[in-house]
Amino acid sequence: MTLPDLRSGKSYAVFDAYGTLFDVHSAVARHAGALGPRADSLSEVWRTKQLEYSWVHGLMGRYVAFWHLTERALDFALAKHPEIDRGFREKLLDAYRDLDAYDEVPGVLERLRERGVKTALFSNGNAAMLERAVASSGLGEQLDAVLSVDPVRTFKTAPAAYQMVLDQLATERNTVLFFSSNRWDIAGATAFGFDAVWVNRKGQPDEYPDQPPRAVVKSLDGVI
């Protein structure tokens, strides 16, 4: 698999947010010393339940803002780890509002825009959540658009979510190159008809061979 040339035919580089631009485990990492030896497990359960809740609500047709699902997922993770002080709940939520961007992200976005490629963030996160994350990470000037699934009131991998990208950007499928670190998201985007690049940061095996990505990179440094 080869990475498409972003200077020929692709007008938009569209990035998933959580796990792709922002390190979802950085919230717990900031308090890992105080949380104790089960901090990593807490973070994994928090992320897993956050995603599970979005898929279940999407299938039920009962949209709930992603921030509320994030809160519920943390409550479950804390209940699953009774040895961790629940007094950290608000500190962890505050840290999640201001997640760290991966080190390479600002430079990659800037280089893309210097080459005439427009950049967009596209996320399950609700609008207020994304606005805070973009502002705190300092990425606002490197993004041409910040897109939330809020208007369609469903979550990825629903086709309506990916269609919203085209509607909001007033463009066609063949102009978009989509990036995500989430293999399920890459599968959904590929099924929808996007050229999709899997940012496989952790070297995970391929879960969806029937919906292959256009290319696989270890980090966004491999993009440009």
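The values are calculated or read from the model by the stated rules, or taken from the named source; none is laboratory data. As the structure is a computational prediction, the values presented were derived from the model and not from experiment. Using ideal geometry, Cβ is built from the backbone for each residue, glycine included, and neighbour counts are taken over all protein chains shown. Surface accessibility is based on the protein's heavy atoms, side chains included, excluding ligands, DNA and RNA. Shrake-Rupley method; radii C 1.70, N 1.55, O 1.52, S 1.80 Å.
Values for this structure:
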quantity	calculated
Accessible area per residue, Å², segment 90-131 with all protein chains present, probe 1.4 Å	43 Å²
Calculated FRET value between GLU114 and GLU71, using beta carbons and R₀ = 41 Å, to 0.05	0.60
Global geometry of segment 157-206, whether rounded, prolate or oblate, following the gyration tensor of its Cα atoms and the 1.5 cut on a/c	prolate
Among 48-57, 109-118, the order from most to least packed when residues are scored by Cβ within 10 Å on average	48-57, 109-118
Listed residues SER11, SER26, SER41, most fluctuating in the chain (Gaussian network, C-alpha, under 10 Å)	SER41
Point-to-point label distance, GLU207-ASP40, nm (Cα→Cβ direction, 7 Å offset)	2.0 nm
SER136 paired with LYS80, simple spin-label distance in nm, labels 7 Å along Cα-to-beta-carbon	2.2 nm
Tilt relative to the chain, helix 39-60 - C-alpha long axis, 0 to 90 degrees, to 10	60 degrees
Rounded, prolate or oblate (a/c below 1.5 giving rounded, otherwise prolate when a/b exceeds b/c) for segment 17-137 by Cα gyration tensor	oblate
Mean Cβ count within 10 Å, highest first, over the residues of peptides 157-164, 210-217	157-164, 210-217
Within the accessible area of segment 45-163 (1.4 Å probe), percent carbon and sulfur	51 percent
Qualifying aspartates and glutamates (Cα of each under 16 Å from Cα of LYS118; at least 8 residues distant if same chain)	ASP5, ASP16, GLU110, GLU141, ASP144, ASP167, GLU172, ASP195
On Cα atoms only, tilt of 159-169 relative to the major axis of the chain in degrees	60 degrees
Leading residue at positive end of dipole, segment 40-80 (Cβ point charges), from GLY61, ALA73, TRP46	GLY61
C-alpha long axis of helix 66-80 to longest principal axis of the chain, angle in °	40 degrees
Highest to lowest packing among 141-149, 192-200, 80-88, scored as the average C-beta count within 10 Å	192-200, 141-149, 80-88
